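The values are calculated or read from the model by the stated rules, or taken from the named source; none is laboratory data. These numbers come from a predicted model, not from an experiment. In this analysis, Cβ positions are derived from the backbone assuming ideal geometry, glycine residues included, and neighbour counts consider all displayed protein chains.
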Amino acid sequence: AQTVTQSQPEMSVQEAETVTLSCTYDTSESDYYLFWYKQPPSRQMILVIRQEAYKQQNATENRFSVNFQKAAKSFSLKISDSQLGDAAMYFCAYRRGTGANSKLTFGKGITLSVRP
Amino acid sequence: KAGVTQTPRYLIKTRGQQVTLSCSPISGHRSVSWYQQTPGQGLQFLFEYFSETQRNKGNFPGRFSGRQFSNSRSEMNVSTLELGDSALYLCASSLGTGGYYGYTFGSGTRLTVV
């Protein structure tokens, strides 16, 4: 079974600084997708960034980028120029590419606080 | 474009009762999935529907059931509620069922069982 591990329960960053959130996963699949979701107090899960396992290039979305290390099964999220609005819970998630059992498997999440 | 709509936002029920939660996906999305979120267990997959058929089911007791209608709207039902069913229930919609398709989540229904 696939598992996703986020070992840091909380992190804090100064506004305008850079922070990296860690995630590791375990799978025997070769075709899969990795995601970072943000959940602010409004509760809605918002997709931050997505990475296809078959792509070697790391995904980027504005201030958000990932460091995808497929062999090490590591998928960290880097937030540059942190803003107060980035404060939220962040979840790393895995989804296999094909097949009936293509559900999202989430890590436990990390609470990110941003200091003004 | 309207997002994923979940109703109601909050719900308080008594142990032993049953409850029905509703989810309207983004227009054109045919896949709807349900997740339970609790502080202790985190986010856990309940089930996924595509074109009115259950495609995948998580490891939850039979008290948890769902269905999807022809307009892709989905309902989730929990019978004989237990205190441990108190959670945030999130619905997510997707164009398809493969990993290529991303999920869009609703804001959830907060269920409290007393």
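Residues of the range A:57-71 that are part of a loop (DSSP other than H, G, I, E, B) and in contact (Cβ under 8 Å) with a residue 12 or more places away in the chain: A:63, A:70. With respect to the stated conditions, residue A:42 is farther than 25 Å from residue B:58 by Cα, surrounded by fewer than 19 Cβ atoms within 10 Å (Cβ to Cβ) and facing another protein chain (nearest Cβ under 9 Å). Looking only at residues in the range B:35-45 that are touching a residue at least 40 places away in the same chain (Cβ under 8 Å) and at the interface with chain A (Cβ under 10 Å from one of its Cβ atoms), the one that is nearest to the chain's Cα centre (by Cα) is B:35. Among the strands (runs of 3 or more DSSP E) confined to the range A:13-53, the ones with at least 2 residues that are of a type in the set (A, V, I, L, M) are located at A:19-21, A:46-52. The set of residues in the range A:81-107 that are surrounded by 15 or more Cβ atoms within 10 Å (Cβ to Cβ), in a loop (DSSP other than H, G, I, E, B) and either among the acidic types (Asp, Glu) or modelled with pLDDT of 95 or more (or both) comprises A:82, A:87, A:107.
Pairs are defined by a Cβ separation below 9 Å, a sequence spacing of at least 6 or placement on different chains, a first member in the range B:69-86 that is at positive phi, and a second member that is of a type in the set (Lys, Arg) and surrounded by 15 or more Cβ atoms within 10 Å (Cβ to Cβ); the pairs so defined are B:72/B:30.
Annotation: residue B:13 fulfils all but one of (1) within 14 Å of chain A (Cβ to nearest Cβ); (2) basic (Lys, Arg); (3) touching a residue at least 60 places away in the same chain (Cβ under 8 Å); the unmet one is (1).
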